[in-house]
Structures are given as structure tokens and as C-alpha cells.
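Working notes, beginning with the structure itself.
The values are calculated or read from the model by the stated rules, or taken from the named source; none is laboratory data. Just so you know, these numbers come straight off a predicted model, no measurement behind them. Because the Cβ atoms are built from the backbone with ideal geometry, glycine has one as well, and the counts that use them run over all protein chains shown.
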Amino acid sequence: MIKVLLFGVAAASISAPSAWAAASRAEAPAWIIVPGEDSCRTELEFTAPSGAISPAALISNGEAVDLVFTKPDAPERAFLPIRVDRKAFANLVLRQADSKSATMQLSSETLAALKKGAALQIGWLADEPVQVGLAGSDQALADLRTCGAQVADRYRAQQAAQREAQARADAETRAQAIADEQLAAARAQKAAAEAETQRNTAEAERLRAAADAERQRAQAEAERVRARQQAQAESYPYARVRDYPEDPRDAYYPPDPYTRYDPPTSYRRW
């Protein structure tokens, strides 16, 4: 929520002519421009009537100029006035994430007044009104924005280069991961094929060994049969004739029922 804060007493104190105001207008900041990572800044020292110093800084990235100051009790979001030569200019103030500092986004109207003014007064920055001289602010603000633009451009170029490098690295990582995955899949497929080949070979060897064993068993059995037959042939020289059918002519006469006569034993012909 945008808040409008009125500081009547402080404004009256700042607007009243005094020796303190004249001395502040006479004292100009050093306007030292310091480049940062993505912006440039120049430090300011606001002086109170008591002599207390309240530091602040003007920061620019080439596009905008912000007044940055330390104020732990700064509102999260407010629309606060500052005065250039006792003329008020309201600007948006945003509290920073550290909750100890705040940033005032200076409008183009405020910047134009700062370039031509003699003194910048703020009634709410400290416990008492403070101000700083603006002698030389025209050139200082121009230099600040030029420095900020150059630094910001370089920072953006570095960020773009880093993003491109990171994108290339990520792409190479993904490509390498895909290649590794494909290689692993190919190796697994090859290993599976080799294992299948080994299983098939082992099964063929087993079947061949079983066939050889069966053939050897059959051969051994045949050898045993031949050996047995050979042994029988050698033990019984005439055994082979028993395999021939009997000659019907060798049939003996039927026995005589009246005589107990045994017919002669028939013999086989050669």
C-alpha cells in the first residue's frame, strides 16, 4: 500500500533560511563514481544541524538513478518527499530484503531538479533534517549514468556468455549422458547376445555329448553282443546247425505200442 508521509515540522525547518543551510549549499560532494558489478555509485554524506552525518548513495545502471540509504524503520513501500532547494518532489521508496536499507526510485522530474539545484534536503532520513550540497551534480549525474550503462552492458554480456556457456555445458552433459546410455544399452545387448550364444553352444555341446555317449553305448552293446556270439561260436562248433530247421525226412517212425523200442536218435545233416 502506498503511503504518503507528511513531515510538516521537518519541512518547515528545512525551508527556513539558516547558516546551516547556506554552509551545506557551499559544500559540494566529491562525486567519486565507483563501478560495481552491474551498476555504478557515488557516495553522499547528508549533514544535520547538529553535525551528525547520514550516509547515502546514488546508484545507476544507465537506465535509472536510485537513492539508497540505511534506515531500519523504513516502510516496506511508501511515497515519500525530498526537497531540492526547498521544493518537494515525491518518489517511491521500497524497503530492501535485508530490512535495514531502502531505495528511492528517483523520477525524471526529480533528476532534472537535482542537476540544477543547489542543495538536497530530506526531513525523514534521520532524527533531524539533513541535507547535502549539489554543486557539480549536473556533470556527476551524467557521468554516473554513463558509467552505469557501460557496467550494466558488460554485466549483461557476461551473464549472456555465462548462460550460453552453461547451456553448452548442459547440452554436452545431456549428449554425453545419452551417448553413455546408448553405449550401456549396446553393451548390455551384446552381453545378452553373447550369453545366449554361450547357452546355445553349451546346449549343443550337451546334446552332442549325449549323442556321442548314446552312440558309444550302442557300439559297446553291439560289441558285447558280437563278443558273446563269438564266444558261443567258439565254445560250440556245431551250435550254428541248431538254427537250421529239421529235415522232415529225419522224422522217426512212431513207436510200436507192443514193443518198447526207442528209435535211434535222429541226427542233423551237415
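Only residues that are in contact with an Asp or Glu (Cβ under 9 Å, 6 or more places away or on another chain) and crowded, with 24+ Cβ neighbours inside 10 Å were counted across the range 108-129, and they come to 2.
Has the range 139-156 got any residue that is more than 29 Å from A64 (Cβ to Cβ), out of contact with any strand residue (DSSP E or B) (no Cβ under 9 Å at 6 or more places or on another chain) and charged (D, E, K, R)? No: the range 139-156 contains no residue that is more than 29 Å from A64 (Cβ to Cβ), out of contact with any strand residue (DSSP E or B) (no Cβ under 9 Å at 6 or more places or on another chain) and charged (D, E, K, R). Looking at (1) more than 16 Å from F46 (Cβ to Cβ); (2) exposed (fewer than 12 other Cβ atoms within 10 Å of the Cβ), find the lone condition where A152 falls short. With respect to (1) more than 16 Å from F46 (Cβ to Cβ); (2) exposed (fewer than 12 other Cβ atoms within 10 Å of the Cβ), A152 is out only on (2). Of all the listed residues (E37, E45), the sole one being among the acidic types (D, E), in contact (Cβ under 8 Å) with a residue 24 or more places away in the chain and under 21 Å from G136 (Cβ atoms) is E45. Per the listing R215, R163, R224, the residue uniquely part of a helix (DSSP H, G or I), at pLDDT below 95 and under 30 Å from D38 (Cβ atoms) is R163. Would you confirm whether or not the range 84-97 contains a residue that is buried (at least 20 other Cβ atoms within 10 Å of the Cβ), out of contact with any helix residue (DSSP H, G or I) (no Cβ under 7 Å at 6 or more places or on another chain) and under 19 Å from A48 (Cα atoms)? No, there is no match, as no residue in the range 84-97 is buried (at least 20 other Cβ atoms within 10 Å of the Cβ), out of contact with any helix residue (DSSP H, G or I) (no Cβ under 7 Å at 6 or more places or on another chain) and under 19 Å from A48 (Cα atoms). Of the strands (runs of 3 or more DSSP E) lying entirely inside the range 42-128, those containing at least 1 residues that are of a type in the set (A, V, I, L, M), in contact with a strand residue (DSSP E or B) (Cβ under 8 Å, 6 or more places away or on another chain) and under 18 Å from A30 (Cα atoms) span 53-60, 65-70, 119-122.
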